[in-house]
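S.K.: Here's a structure for you.
The values are calculated or read from the model by the stated rules, or taken from the named source; none is laboratory data. Just so it is clear, the structure is predicted and the values come from calculations on it, not from any experiment. Note: ideal-geometry Cβ built from the backbone for every residue, glycine included; neighbour counts use all protein chains shown.
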Amino acid sequence: MNKDTEIDMKEVELNELDPEKQPMTGDGPAAGGEKNGSVKLKVPEEDVTFTGLSKDELMKVAGTPGWVRTRWVLLVLFWLGWVGMLAGAIVIIVQAPRCKPIPEMNWWNEGPLYQVSDPEAFSDGLAGVEAKLDDINQLKVKGLVLGPFHTVQADQPNTLDLKTFNPVKGNVKDLVAVVEKAHKKGISVVLDLTPNYMGTDPWFSTGDVGDLIEKVKAAAEYWLSLGVDGIKISGLSVASGSDDWSVLQAAVSGNRTEHTKKRVLMGVVEGITAENVSHLVNSSGVDLVLSDLLSSKKGGLERIKDLNVLNTQQRHLGWGLGATKHDHLSKKAPPGLIRLYQLLLFTMPGTPVFTYGDEIGLHAEQGSQSPKMVWDIEKEPAEGAAGNETTETERKEHIAVRKWFKSLSELRGKERSLLHGDYYPLYSSASSLAFLRLWDQSERYITAVNWGAAPETLKFTLAPTAEGIKLPETAKVQLSTDQDMEADTTLSLDKITLGPGQAVLLQFPYIA
């Protein structure tokens, strides 16, 4: 082949299209110098993936000195870290303040008791009480104290029948219905079996009450078998002094087990000192003693003194203002002081006891034993309905007092310092007092009240016996009857001035 022929062959090769530009059809060249139907094919680059070392390669490396040293270093670091975390956790647990064990609490310690001595005040008798249990339950009460309802004529022991209802008061069927519905709402029911409740002496002024106690014991067993959760009697000082007292005590409080609901034996005392009340709590073995100390002692100095004596026995103490006689707050408290005494009762160390209607400040006329209960106070009168300004003002006051009562009851039920906390006096005078309630690491509360007719400045001071307890410089207002002390505002604890008839509940946090 000559030289010219070789040149021609190279031109032919150059003029030939690359394989990737070869036309799929032979219909002429495509635009841009490529034939129609040509497809570019790109060969992907070969991906290189790392598959790690093979087993043989790993075995060769694992035995080298460098890898052995590395493994030992990592192992030592792991165990040092683990031991360090364990030591840190132990230090935190040891240094953290230990929680104080919760004292034994019974249902009668967990909320207020609500007394209904005359069911006719509820319009339909005991059936009316059952119908209003939803309203009562909103007050967070833990116990409903009913009666006395049994048959007896005043000062006539031969007419006493503790197992038969006075038909004016109701009947057994209605009582059982109340008990069953109350239990569904978590409310216990206590029945008053004071023998001579219509007469001058609860035990008929007899020298020996042994026979009467035997009758009360038999009746207690009967009513307890129907679901009642406890028995209340008045004249505890007399009854507990009898040789037969232990018989009644065993009938109510005996045979208690861990899995059964405890039944309460509740006694009422009047006209005895705080020291004697304390002695009675210890000697009688009664579960709850309701005294008249708060209503019989009018001065703040006397009231604080009684609290100082009794506060350590708070789980066996009931407090009321006139509750020993089923009197209403409005009958014992001066006008305008209903909320003050509600605050005092809910925050004192012990169980608050109220008479129906106290939650709204129901007005009880002097000499009137059973004023009619007022319901549906939130319901405004219909337009054009007969009424007057005084009635509407009274309705709004009932609403405000009930709201205050509910706030206090809810607060006491959830705050350990108020529920079972320690008590420390802070201040007292002829017409005012203040005290501190605290429990372990819970929120602390200060109650300060002034029922006097003039403003008073309270300067808080802790007794030397309050070791390790300190008051902060300020505290927050939780509840107050004084318009100058709005809720959530901060007050200095250096001194607090309360207006006449005013009360305040202060709160401050636990600081380690």
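S.K.: Pick from segment 438-479 the residues that are surrounded by fewer than 17 Cβ atoms within 10 Å (Cβ to Cβ) and acidic (Asp, Glu): which of them is farthest from ASN106 (Cα to Cα)?
M.R.: Filtering segment 438-479 for residues that are surrounded by fewer than 17 Cβ atoms within 10 Å (Cβ to Cβ) and acidic (Asp, Glu), the one farthest from ASN106 (Cα to Cα) comes out as GLU473.
S.K.: Here's another thing I want to ask about it. Does PHE435 satisfy the condition of being assigned by TED's automatic domain parsing to the domain that holds ASP124, buried (at least 21 other Cβ atoms within 10 Å of the Cβ), outside any loop (DSSP other than H, G, I, E, B) and not small (Gly, Ala, Ser)?
M.R.: no
S.K.: With under 24 Å from TRP108 (Cα atoms) and in contact (Cβ under 8 Å) with a residue 60 or more places away in the chain as the only criterion, which of LYS414, LYS406 stands out?
M.R.: Unique residue meeting the criteria: LYS406.
S.K.: Quick one: is ILE399 part of a helix (DSSP H, G or I), over 16 Å from the mean Cα position of the chain (by Cα) and either within 24 Å of GLY336 (Cα to Cα) or modelled with pLDDT under 95 (or both)?
M.R.: Yes: the conditions hold for ILE399.
S.K.: OK, next. Which residues, taken from segment 64-118, are basic (Lys, Arg), surrounded by 10 or more Cβ atoms within 10 Å (Cβ to Cβ) and within 25 Å of GLN441 (Cβ to Cβ)?
M.R.: LYS100
S.K.: Mind listing whichever residues of segment 325-379 are hydrophobic (A, V, I, L, M, F, W, C) and outside any loop (DSSP other than H, G, I, E, B)?
M.R.: Across segment 325-379, the qualifying residues are LEU329, ILE338, LEU340, LEU343, LEU344, LEU345, PHE346, VAL353, PHE354.
S.K.: Only residues that are out of contact with any Ser or Thr (no Cβ under 7 Å at 6 or more places or on another chain), assigned to a loop (DSSP other than H, G, I, E, B) and within 20 Å of VAL216 (Cβ to Cβ): list them for segment 148-169, please.
M.R.: Listed by number, the residues that qualify are PHE149, ALA154, LYS169.
S.K.: How many of the residues making up segment 62-89 are hydroxyl-bearing (Ser, Thr, Tyr) and part of a helix (DSSP H, G or I)?
M.R.: Number of matching residues: 1.
S.K.: Which residue, of ALA127, ALA177, ALA131, ALA121, is free of Cβ contacts under 8 Å to residues at least 12 places away in the same chain and surrounded by 14 or more Cβ atoms within 10 Å (Cβ to Cβ)?
M.R.: Unique residue meeting the criteria: ALA131.
S.K.: Can you name the residue in segment 226-270 that is free of Cβ contacts under 8 Å to residues at least 12 places away in the same chain and within 20 Å of LYS185 (Cα to Cα) and, of all such residues, is surrounded by the fewest Cβ atoms within 10 Å (Cβ to Cβ)?
M.R.: HIS259
S.K.: Further question: So is THR355 crowded, with 24+ Cβ neighbours inside 10 Å and either outside the structural domain of THR273 (by TED's automatic domain parsing) or over 27 Å from THR194 (Cβ atoms) (or both) or not?
M.R.: The answer is no for THR355.
S.K.: With the structure loaded, tell me whether GLU486 is among the charged types (D, E, K, R), closer than 20 Å to GLN342 by Cβ and either in a loop (DSSP other than H, G, I, E, B) or under 25 Å from the mean Cα position of the chain (by Cα) (or both) or whether it fails that test.
M.R.: The answer is yes for GLU486.
S.K.: Being polar (S, T, N, Q), crowded, with 21+ Cβ neighbours inside 10 Å and over 23 Å from PRO472 (Cα atoms) is the filter here; which residues of segment 398-432 pass it?
M.R.: SER409
S.K.: Here is a further query. Looking for whichever is loosely packed, with under 15 Cβ neighbours inside 10 Å and at pLDDT 95 or above here; the options are LYS142, LYS185. Which one fits?
M.R.: On inspection, the qualifying residue turns out to be LYS185.
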